[in-house]
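The values are calculated or read from the model by the stated rules, or taken from the named source; none is laboratory data. What you see is a predicted model; the values in this text were computed from it and never measured. Every residue, glycine among them, receives a Cβ derived from its backbone with ideal geometry; neighbour counts consider all protein chains shown.
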Amino acid sequence: MSTGEAHKPPPYMLVWFGLFALTMAEVGYAFITALPKLALAVGLIVMAFYKAYLVAVYYMHLKWEPRRLWLMVAAPIPLIMILIFVVLNEIFVP
Amino acid sequence: MTTQAMTAGRAPMPGMKVYNLKLGMWIFLLSEVMFFTGLIGSYVILRFAHPDHFAEPGVVLNVPLTAFNTFLLICSSVTMVKAYAAIEQDDQQGLKNWLLATIVIGAGFVGVQVYEYIALAAEGFVPMADAYHAVGRHMPHDGPVVGGQLYGSTFYTMTGFHGAHVSIGVLCLCFTYWRAAKGAYSADNLGGVEIMGLYWHFVDLVWIILFTIVYLI
Amino acid sequence: MSTIEQEMVHAAEGGHHDHHELPFIRKYIFSTDHKMIAKQFMFVSLFFLVIGGLLATMMRWQLGYPGEPMPGGMILPDAMMAPTPDGAIMLPEFYNSLVTMHGTIMIFFAIMPLLVGLFGNLLIPLQIGAEDMAFPRLNMISFWLAVPAGILMLASFWVEGGAAGAGWTSYAPLSASGEWTGVYLGQQLWLASLTILGFSSLVGAVNYITTVINMRAPGMTWFRMPLATWALFITAILILLAIPVLAGALIMLLFDQTLGTGFFRPEVGGEPLLWQHLFWFFGHPEVYILILPAMGIASEVLSNRARKPIFGYHSMVLAIIGIGFLGWIVWGHHMFMSGMNPLLGTSFMISTMAIAVPSAIKTFNWLATIWKGDIHLDSPMLYALAFVSMFIIGGLSGIFMASTPVDIYIHDTYFIVAHIHYVLFGGSLFAIFAGITFWFPKMFGRLMNETLNKVHFGITIVLYNLVFWPMHNLGLQGMMRRIYDFTQYEYLAPLQPMNRFISISVFLLVAAQAVYAINFFWSIFRGEKAGNNPWNSNTLEWTVPSPPPHGNFPEMPVVYRGPYEYSAPESEEDFLPQTKPPSKKPPVQDPIPQPVTPTPEGF
């Protein structure tokens, strides 16, 4: 078997429902005008990244892949933070 | 010479413990992460630098339509994963059916996006600086301009490149379907389907983040 | 058959083609064999190296003899040279194109494909004991994407407006709109060419990384890999993660030029500084891409020719990783004068000073490697020694630039040009000469002529220093980069004689390269025949015939030890190949513990 360790069938439909529910939640949350802009942005980003995490772990099978693959996949994350954080600083503290 | 003699019964070092095709696809996807980071990062930075160029969510862009489109793409990820589950069980017909469903839904996503582009352009929301005239939805076409030129530039570049990746994905899915129809895949030989799935889920993943950042914030 | 079994059968079948001879086109043109693809990269890149040198020669004519008619200039079109009764005089616009294209072609079409396309393709599968790359057809695509990229780049000289003229760094807003440079289509072709080339490099990187991770022969643990492979592996990771950011930036700039968007155009609300950040976020890892493989090659040659193990192998590996890692957080040192946030400038200064440390570790380790070695002073060794010494000079000038207050004074002067060329010519190019000479027998089954190489080395090292050392002084005296006629400034006019001296040295230097070229081509056909292992080296590529057959190894090799066991006590000879099984009877005092059986389960 070329797909890594054996495991029971992943909960695909449960994840699908979760993604659907989160999408609805996001759209609803985005239009709560009473919230300050920062809370809106942070909340939405958190929800989006959690959905992305679900897709990566369940649909892309990361959950059942060797730990070293997780490490490799995580590699660009510090680079993304560095690029965006440093250049944002450029604009906010002239 | 037999396989045994060629390799002298030896195996290479375990390495990443996943087969080459899968490792290669994951590595390629990491480069795609950096590509979209460059584009989305630029959007974030330009938005902080010139917030007056951009509009509140829903004013110019059609959020309900795109939310539906997001749901569509997520559904296509489900059909893709069902296709993979089918070939894991050696279900050739199931593989073909679910692949076809993924192709149809994926093409539908692209279609909706093309429609969205046409509608936006008709409202005057275009990427070019000199032709820019965004007025927002349900507003008079010759009304006051909402936002500035950066809005159109960044929007069309990000969503356009994502759309291009989806389109290429649909073409690759067609190729995978053609191979499946020829019986190229089986429970012991499903690498091609698996890496197709990885690419497709990745495209969905990028859209999940893109939709939130561009349409909802 | 499972996917893994399929791969093993493919490996078996790919191992030899005794069932049919490949047609000429499949063997030489659209080859999937990594060794042939390496040679393809080599020939095309050497061609571009010559082009880049010719462009520099023309630049130096203008700087050495400003405003004077250039010999042979009449054959160039009127867009580049203004015809006069005495001959053709270079136009300022053409000078800007020369500056831009010299940098672009040398970096992207000469040095990068030589280090990564040639040595990456040639060495990686051979040194780890694999029969080819993980994805041979993708490898072929990688080369055949680079070719149209090169054609586009060269074609840009002949379009209306000429070739790109905004510097190889293509800063916006100069590059975003043709009205400033007079270059329209040429700049767009430049962008398109680099985007295609980026894609070529990217798929190459995917191949190299997958191959090194997954296809090492049994016993070839990570810390038994040769340093050349380590360096190429880390370089491939840098390419993988940096090039896509450049691609995004190139595309946005292309849209600015063609679609009329305004990412980088301030007049419509864009941010020119964004271009600089994106470009240098790629640009700094790029310069490590240009030096790391050279460092790997130098380690191989120095260790082999001194008949001594590399000093501090583990620290060498960690230094390569350290450089690769730190290289992501220093890009701002190219932007100290851009008006960026001064606090950011300080943090970039600190990280840039820090990155000197791993490079210094490597330099000290090279010196310790050759210390009291049995030094064979033949041409690969001479080139490698030149690499170390010239790299030290280039690195030291880098320390000046790392310090922001100093850089304020020397930024965009010839001091920077001196630094660039000490690390790129003195560093990368000398390592390339060393590498080509060293692995020439493996590629062609013949050795290069030693005498001709020594002559080439002697002339090149002297002339090269005559060209680039004075540029440190020119820069400190205020001569700026990328300038068509610096004599228009009174305070710079006294620098004219030094510029003429440099130009004459350049003409001689470029002419002297003919010695290497003649040697190269002559030796392919008439060089002294080489056996499997003419350098008595330990690494796996020297255990197979020169050149290796398709599939490289008759059966999968087993590795028992690291690659630098030179002058080891266990061996009667002064080298001990990685694949030689340990003797059954352990010696009385065994200082290096060796596994009696191979351990393929190890990490």
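Worth a mention:
- Every residue from the range C:151-178 that is more than 14 Å from chain B (Cβ to nearest Cβ), surrounded by fewer than 22 Cβ atoms within 10 Å (Cβ to Cβ) and not aromatic (Phe, Trp, Tyr): C:Ile151, C:Leu152, C:Leu154, C:Ala155, C:Val159, C:Glu160, C:Gly161, C:Gly167, C:Thr169, C:Leu174, C:Gly178
- Some residue of the range C:86-95 being more than 14 Å from chain B (Cβ to nearest Cβ) and in contact with a Leu (Cβ under 6 Å, 6 or more places away or on another chain): no
- B:Val60 fulfils the conditions (1) under 25 Å from B:Tyr199 (Cβ atoms); (2) touching a Phe, Trp or Tyr at 6+ places or on another chain (Cβ under 7 Å); (3) buried (at least 22 other Cβ atoms within 10 Å of the Cβ); (4) of a type outside the set (Lys, Arg) except for a single criterion, (1).
- Lone unmet requirement of (1) at pLDDT below 95; (2) assigned to a helix (DSSP H, G or I) for B:Glu56: (2)
- Inside the range A:2-53, residues that are of a type in the set (S, T, N, Q) and touching a residue at least 12 places away in the same chain (Cβ under 8 Å) make up a count of 2.
- On the stretch given as the range B:110-132, residues that are away from chain C (no Cβ under 14 Å) and of a type in the set (D, E, K, R) total 2.
- Considering residues of the range C:238-274 that are in a helix (DSSP H, G or I) and out of contact with any helix residue (DSSP H, G or I) (no Cβ under 8 Å at 6 or more places or on another chain) only, the residue surrounded by the most Cβ atoms within 10 Å (Cβ to Cβ): C:Asp256
- Residue in the range C:46-69 that is surrounded by fewer than 17 Cβ atoms within 10 Å (Cβ to Cβ), at pLDDT below 95 and not in a loop (DSSP other than H, G, I, E, B) present: no
- Whichever residue in the range C:519-556 is in contact with a helix residue (DSSP H, G or I) (Cβ under 7 Å, 6 or more places away or on another chain) and among the β-branched types (Val, Ile, Thr) and, among such residues, is nearest to the other protein chains (Cβ to nearest Cβ): C:Thr539
- B:Gly136 being surrounded by fewer than 23 Cβ atoms within 10 Å (Cβ to Cβ), within 29 Å of B:Tyr84 (Cα to Cα) and small (Gly, Ala, Ser): no
- Which listed residue is out of contact with any His (no Cβ under 7 Å at 6 or more places or on another chain) and within 30 Å of B:Thr7 (Cβ to Cβ), from C:Ala149, C:Ala134: C:Ala134
- Of all the numbered requirements in (1) closer than 17 Å to B:Thr157 by Cβ; (2) among the β-branched types (Val, Ile, Thr); (3) in contact with a Leu (Cβ under 7 Å, 6 or more places away or on another chain); (4) more than 11 Å from chain C (Cβ to nearest Cβ), B:Thr66 misses one, and that requirement is (3).
- Odd one out for C:Ala493, checked against (1) touching a Pro at 6+ places or on another chain (Cβ under 8 Å); (2) surrounded by fewer than 18 Cβ atoms within 10 Å (Cβ to Cβ); (3) part of a helix (DSSP H, G or I): (1)
- Only one of the listed residues (C:Leu240, C:Leu254, C:Leu232, C:Leu273) is within 30 Å of C:Thr363 (Cβ to Cβ) and more than 8 Å from chain B (Cβ to nearest Cβ). That residue is C:Leu232.
- Residue in the range C:323-365 that is nearest to the other protein chains (Cβ to nearest Cβ), counting only those that are under 17 Å from C:Gly296 (Cα atoms) and hydroxyl-bearing (Ser, Thr, Tyr): C:Ser359
- Some residue of the range C:148-162 being polar (S, T, N, Q) and closer than 29 Å to C:Leu232 by Cβ: no
- Within the set A:Ala25, A:Ala21, A:Ala34, A:Ala39, the sole residue that is more than 18 Å from B:Ile40 (Cβ to Cβ) and not in a helix (DSSP H, G or I) turns out to be A:Ala34.
- Criterion: away from every other protein chain (no Cβ under 14 Å), more than 18 Å from B:Leu46 (Cβ to Cβ) and not in a helix (DSSP H, G or I) - qualifying residue of B:Val166, B:Val146, B:Val135: B:Val135
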